[in-house]
1. Being among the β-branched types (Val, Ile, Thr), open to solvent by 10 Å² or more (accessible area, probe 1.4 Å) and in a helix (DSSP H, G or I): is that true of Thr186 here?
2. Are any of the residues in the range 125-145 assigned to a helix (DSSP H, G or I), open to solvent by 20 Å² or more (accessible area, probe 1.4 Å), free of Cβ contacts under 8 Å to residues at least 24 places away in the same chain and polar (S, T, N, Q)?
3. Among (1) open to solvent by 40 Å² or more (accessible area, probe 1.4 Å); (2) modelled with pLDDT of 95 or more, there is one condition Leu304 misses while meeting the rest; what is its number?
4. Might you let me know whether the range 108-119 holds any residue that is under 23 Å from Ile236 (Cα atoms) and surrounded by 15 or more Cβ atoms within 10 Å (Cβ to Cβ)?
5. Before we move on, is Ser208 hydroxyl-bearing (Ser, Thr, Tyr), modelled with pLDDT under 95 and either open to solvent by less than 10 Å² (accessible area, probe 1.4 Å) or under 30 Å from Leu84 (Cβ atoms) (or both)?
6. Hey, can you tell me all the residues within the range 56-75 that are part of a helix (DSSP H, G or I), without any contact (Cβ under 8 Å) to a residue 24 or more places away in the chain and loosely packed, with under 14 Cβ neighbours inside 10 Å?
7. Please verify whether Arg59 is of a type in the set (Lys, Arg), modelled with pLDDT of 90 or more and within 28 Å of Pro231 (Cβ to Cβ), treating the condition exactly as stated.
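The values are calculated or read from the model by the stated rules, or taken from the named source; none is laboratory data. Since this is a predicted model, take the numbers as computed values, not measurements. Methodologically, a virtual Cβ is constructed for each residue, glycine included, from the backbone with ideal geometry; neighbour enumeration extends over all protein chains shown. When the accessible area is computed, the model is the full protein with side chains, heavy atoms only, and any ligands, DNA or RNA have been set aside. Shrake-Rupley method; radii C 1.70, N 1.55, O 1.52, S 1.80 Å.
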Amino acid sequence: MSQTFLDRTIDNLRLAWRELRDSSVVRSLGLDEGQSRQDRWRRQIADCLARRGGAVSARSRAAELGHDFLRLDDAGKRAFLHLLVNEFGVDRDHVSAIMADWNMADDLAEQALLEAELRTALVPPFRMILKEFNSLPQGVKFLVDLRADLLRWRKEAPGLAILERDLKELLASWFDIGFLELQRITWNSSAALLEKLIAYEAVHAIQSWDDLKRRLAPDRRCFAFFHPGMPDEPLIFVEVALVNGIAGNVDALIQGDQDAHEQQGLQAGAVADTAIFYSISNAQAGLAGISFGDFLIKRVVGELQRDLPDLKQFSTLSPIPALRGWMNKQLDAMAQKQETGLPKAIEAALRDCDDLMGPKPPAKHPDEVSERTRANIEYLAAWYLLNARRPETGSAFDPVAHFHLTNGARVERLNWNGNGKENGWLQSFGVMVNYLYDLSMIEKNHESYVGQGKIAASGAVKRLLR
């Protein structure tokens, strides 16, 4: 399904840009079809940078360039971008000359003028091309998708890293939180938007239109951030369930029928007292590293408090995506007699779980493991969430934990068999975690984690380590 609407997006871009490309301005350029492809690109880029004929002509030339770029395969796109970076980058000789003049300047005023000149010289000409694309219809989406391609090509085209970083800097300024609009998505939203919701859901896949309808039922909420330059494209969205008490099983939560409601403690006609954030999905790969999630949660909590004053608790039901990978890494180090730095009790618990890691484990579902194994996994999961750190930053090793802890949540509860599906087993043996957003403690928890590296946790989680 995702390929269907992505194809439509590219087709719409081509159509819109072809109309601009076919203007009299571009037709009058008289480009020689006999030129080599790279010579043609050089001419097109140079014409865009020259900006002859004013803004309308510049847009037409950018549309021609963009339209031709969209027709290339991946190899052709990489070749074009390499030419753009290598031949239309910073003029280093000019930069060196300015720096030499600065070193010889004998007063602060002259140095200040040269510093301004240097700042201008350090902006690569290819950035102007990116800005020209931004002015075209759906140009913002084009640039977001271009960065997604650059991230995808990191290994095979490392020479394009400078373009990727430059584009990230531009996108970060364009996608400042002040420009974003929070919208609620409902079953009455456009079919095109709902189709994108299905395609972009990255945590708990939406299996069908009926599944999506359940997730947009009256006791559910879905909110997304949108940007004026991409009004029909969600940037990030969160799915919320309204229940009584903190939910511990995502399968029952998503199922959405009456039995599931009763399992979660919400009887027919009851008023929910808890909002469970059970899925947060970044919808645009090209905006990776440009964070909106913390603002999204805070804005959604505000919306829910305003509309549903009976809500008393705000919690997540979250995966632990890196737990099993972390366990595998520690077991590999132990097998090679390497120092892990782990407490002896943790190493012993890891050894007891070693048989679960192989290609044919004795169990493939939480219901199949012994009580001893369950106790070991819960013990390891609790220790991992509260103590495993990334050596380069000192932050929590688990990316989901780091996200919620940075936002001021606390590790509230572990849920055995919280996710009984295959991906739940492969990530964390089915264990899920609730992060609680205690509104009175959010600021303190945030400061403790960001400033001192301290992780807030409930007594119930801490007792698992005794």
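1. So Thr186 does not fit the description; no.
2. Scanning the range 125-145 turns up no residue that is assigned to a helix (DSSP H, G or I), open to solvent by 20 Å² or more (accessible area, probe 1.4 Å), free of Cβ contacts under 8 Å to residues at least 24 places away in the same chain and polar (S, T, N, Q).
3. (1)
4. Within the range 108-119, none of the residues are under 23 Å from Ile236 (Cα atoms) and surrounded by 15 or more Cβ atoms within 10 Å (Cβ to Cβ).
5. No, not satisfied.
6. The one that is part of a helix (DSSP H, G or I), without any contact (Cβ under 8 Å) to a residue 24 or more places away in the chain and loosely packed, with under 14 Cβ neighbours inside 10 Å: Ala75.
7. Answer is no for this residue.
Residue by residue, here is whether (1) touching a residue at least 40 places away in the same chain (Cβ under 8 Å); (2) polar (S, T, N, Q); (3) at negative phi holds:
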residue	(1), (2), (3)
Glu378	yes, no, yes
Val400	yes, no, yes
Phe403	yes, no, yes
Thr406	yes, yes, yes
Leu436	yes, no, yes
Ser448	no, yes, yes
Gly453	yes, no, no
